[in-house]
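J.: So that we are looking at the same thing, I have put the structure below in structure tokens.
Readers should treat all values here as calculations from the given coordinates under stated rules, not as data from a laboratory. Values in this document were obtained by computation on a predicted structure and should not be read as measured data. Neighbour counts are summed over all protein chains in view; Cβ atoms, including those assigned to glycine, are modelled from backbone coordinates with ideal geometry.
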Amino acid sequence: MIIKTKKDIPASEITDPLVFNNRRKIIKAILAGAVTGIGISPVSAANNSIAWPDLPRGDGSAGLLTPTPAELVKNYTNYYEFAFNKQDSARLAQNLRTDSWTIEIGGEVENPGIYYLEDVLRQQTLQEYIYRFRCVEGWSMVVPWVGFPLSCLLKFVKPLSGALFVKFTAVHQPEVMPKQRRNAMLEWPYVEGLRMDEAMHPLTILAVGMYGSILPKQNGAPLRLVVPWKYGFKSIKAVVKIELVRRPPVTSWCQFAPHEYGFYSNVNPAVAHPRWSQSSERQLGSGFFTPRRKTELFNGYGEQVASLYRDMDLRHFF
Ligand SMILES: Nc1nc2c(c(=O)[nH]1)N[C@H]1C(S)=C(S)[C@@H](COP(=O)(O)O)O[C@H]1N2
Ligand SMILES: [Mo]
């Protein structure tokens, strides 16, 4: 499904009717892709007949952001397991197998287990979240995600007192992922991490859709993290494992180039990447003569998240 968005129409006018009309289709499509049956799934037991509510806005944005045209977002992707350039990664990601998707949740939790995505989704209320998204490379976009707060899933598995960080692991499918097959660049699978309070923050979501439809494979299907105040690489795609741990996990980019990519990676115009400035960004879809946007601290979400870093030197903890 192609959704046409026009830059000059307020987001509120575009997205609401589309999301409303496509809500059932999204859920159906996601559920069709996730086959249940084998094994006992802890989530499904209690919740078989939940009715899907309409998709409300979860981000409090009141539709003030105008989404980037969907076709741009779908064809300009970073997905290093497949390729190191935007076009090939979007094309090759179509080979990803997303059927019968499970998420393993373990570590410092009361209810560890392997959960079918379908069962996780039955439990969650999907909402639309229109977020700015800023890549560390210096470009940005606005994406209407469909998803649910990560905190809802974490609360369900009941974190123990030792749960101080969350480690996310992406799928390992070397058969279809050329860079995994060749052990190229990063250590695979792709790993990311958050501090527990960051993970529990209401802006932090797990997305299963965008633009009122299920997530395209190249954008992280069937399940990805979205942390809007951090650089894009923190928003790990194709998540298969979530572990609650005591120590900060070693993340893929940190391990690859620790002086370039820190654990926190909060968007910060005052802290330059060693090889380029982060003070401004090119907005995907803007005209050639449109000036670059001034990058905002925490990508503009400071009001909501600055308190998480109150006593921290953000230059040291970059
Ligand atoms: N598994 C995985 N997740 C990933 C990446 C990746 O290469 N592999 N790239 C990251 C980077 S650098 C960015 S900018 C965003 C891009 O998301 P998008 O392609 O949906 O715009 O995904 C992030 N998540
Ligand atoms: Mo990125």
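J.: What's the FRET efficiency of Glu71 with Phe256 using the Cβ-Cβ distance as r and R₀ = 22 Å, to the nearest 0.05?
T.: According to the calculation, E is roughly 0.10.
J.: Taking the Cα of Met185, stepping 7 Å toward and past its beta carbon, and measuring to each backbone N in the stretch 136-151: which are under 17 Å?
T.: 136-139
J.: For the stretch 216-318, which trypsin sites (Lys or Arg not before Pro) are both in a DSSP coil and crowded by at most 15 other Cβ atoms within 10 Å?
T.: Arg246, Arg275, Arg292, Arg310, Arg315
J.: Mind checking the stretch 253-318 for GluC sites (Glu not before Pro) that DSSP puts in a loop (not H, G, I, E or B) and that have at most 12 other Cβ atoms within 10 Å?
T.: Qualifying residues, ordered by number: none.
J.: Could I ask something else about it? Report the equivalent ellipsoid semi-axes for the stretch 108-247 in whole Å, largest first, defined as the square roots of five times the eigenvalues of the gyration tensor built from alpha carbon atoms.
T.: 22, 19, 16
J.: One-quarter of the Cα convex hull surface for the stretch 66-186, in nm²?
T.: Over every viewing direction, the Cα hull of the stretch 66-186 projects on average to 9.2 nm².
J.: Test of understanding: what is the full-extension gain from Arg247 to Ser279, defined as 0.36 nm times their sequence separation minus their Cα-Cα distance?
T.: 8.4 nm is the gain from fully extending Arg247 to Ser279.
J.: How much FRET efficiency would the formula 1/(1 + (r/R0)^6) give for Ala270 and Asp311, where r is the Cβ-Cβ distance and R0 is 25 Å, rounded to 0.05?
T.: The calculated FRET efficiency here is 0.90.
J.: Counting other C-beta atoms within 10 Å, which of Val191, Val208 has the fewest, and how do the rest follow?
T.: Ascending number of Cβ neighbours within 10 Å: Val191, Val208.
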